[in-house]
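Shown next, in structure tokens, is the structure this report addresses.
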Amino acid sequence: MKRTNKSKFFYNLKKEIKIILVAQVLILIVLFTFLYFYPGRYRGLSRISKISNGVYTPKETKIDSLSLSLSSKPQGTLKVKIKPKLSVFVLVDGKKRKIVTTKKKVGEMLKEAGIGLLAKDRVLPNLSTPLYEGMFIKVIRVRTKVVTSKVSLPPKTIIRRTKSIPKGKRKIIRAGKEGILKKKFLIFYKDGRETKREVIAKKIIKEPINKIVAKGEGVKRLVSSKEMKVKKVLSMIATAYAPFHCGGSKDGRTHTGLPVGKGIVAVDPKVIPLGTRLYIPGYGYALAGDIGSAIKGNRIDLGVDDYQEADAFEKKRIKVYVLE
């Protein structure tokens, strides 16, 4: 049976449609295959799990990170750049943080982690130090603060010597009064803790009033002539000494606590007991109030007021009257 022209037309049309459908299916298969094996161009690299010697192998092992230009077209073997991740520990603002990074240096890692630094902050080790696994990094926050405070200014003590007061006595002529000093400090802090304080300015707001003390230089009479009752007379070898010199003590005091000077003599307590009143011709009345390592037996050391007088004194034998 012969086909009409109309039936031939529909027969050829169906045949062409089948060819078109098969071609479309093949195109879709190729497209999905490309998207599956080369997804980086369109939807990231989430399906890729292993790169070995630059060759991509899907769904096997996890990799650290990949870098692929979106504008490039994969041809042949897919080459992937791997940036290994490192775990480091950072102590900052009183907290220890674990940071996983692909950066190579300390400064780059801190910037990536959002840890800001001011000009005076310190980082140990420094920002250019290469990172390594398990590295410990410390960020020290350095801050400064200016503080003003008022402190008391103690008065000075002025000593005025006078013979109107017996030797060894003191009298306050004017009481002292504290002043006020204003100080400006520059305080340094490390991680919130004060480490150093410097005075950068100071000003006296109120002057202190100095204390004035009168020191007695007069001759101290230990006994009067009316009280003179001789118990015995001793012949002794005499020398002389002054406060702080010629055998005198470092604090200017005798063994009994009295001030060294005119009227105090050093004796051997076995010969003349301490506290005994004496009279020495050419020297005057005296009190046995001191001892000395060289003063043994019939030796006596006469106290004088200054070094020149003691140095000029010549060793000699004298009479010592022991009073009752």
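The values are calculated or read from the model by the stated rules, or taken from the named source; none is laboratory data. What you see is a predicted model; the values in this text were computed from it and never measured. Cβ placement follows ideal geometry from the backbone for every residue including glycine, while neighbour counts extend to all protein chains displayed.
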Taking the conditions exactly as written (surrounded by 15 or more Cβ atoms within 10 Å (Cβ to Cβ) and under 27 Å from Thr144 (Cα atoms)), does Leu91 satisfy them or not?
yes
With respect to Tyr132, determine if the residue is at pLDDT 60 or above, hydroxyl-bearing (Ser, Thr, Tyr) and either outside any loop (DSSP other than H, G, I, E, B) or outside the structural domain of Asp191 (by TED's automatic domain parsing) (or both).
yes
Of (1) exposed (fewer than 14 other Cβ atoms within 10 Å of the Cβ); (2) over 24 Å from Leu153 (Cβ atoms), Glu217 satisfies all except one. Which?
(1)
Unique match (being touching a Pro at 6+ places or on another chain (Cβ under 8 Å), of a type in the set (Lys, Arg) and surrounded by 13 or more Cβ atoms within 10 Å (Cβ to Cβ)) among Lys156, Lys171, Lys167, Lys183:
Lys167
Restricting attention to region 83-97, which residues are touching a strand residue (DSSP E or B) at 6+ places or on another chain (Cβ under 9 Å) and part of a strand (DSSP E or B)?
Leu86, Ser87, Val88, Phe89, Val90, Leu91, Val92, Lys96, Arg97
What's the number of the only condition in (1) surrounded by fewer than 18 Cβ atoms within 10 Å (Cβ to Cβ); (2) at pLDDT 75 or above that Ser249 fails to meet?
(2)
Total residues in region 275-293, condition farther than 18 Å from Gly252 by Cα and of a type in the set (A, V, I, L, M):
2
Leading residue by the ranking (farthest from Pro243 (Cα to Cα)) among those in region 295-324 that are in a loop (DSSP other than H, G, I, E, B) and in contact with a strand residue (DSSP E or B) (Cβ under 8 Å, 6 or more places away or on another chain):
Glu324
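Yes/no per residue for (1) at pLDDT below 65; (2) touching a Phe, Trp or Tyr at 6+ places or on another chain (Cβ under 7 Å); (3) assigned to a loop (DSSP other than H, G, I, E, B):
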residue: Gln24; (1), (2), (3): no, no, no
residue: Leu28; (1), (2), (3): no, no, no
residue: Phe34; (1), (2), (3): no, no, no
residue: Lys50; (1), (2), (3): yes, no, no
residue: Lys103; (1), (2), (3): no, no, yes
residue: Ile115; (1), (2), (3): no, no, yes
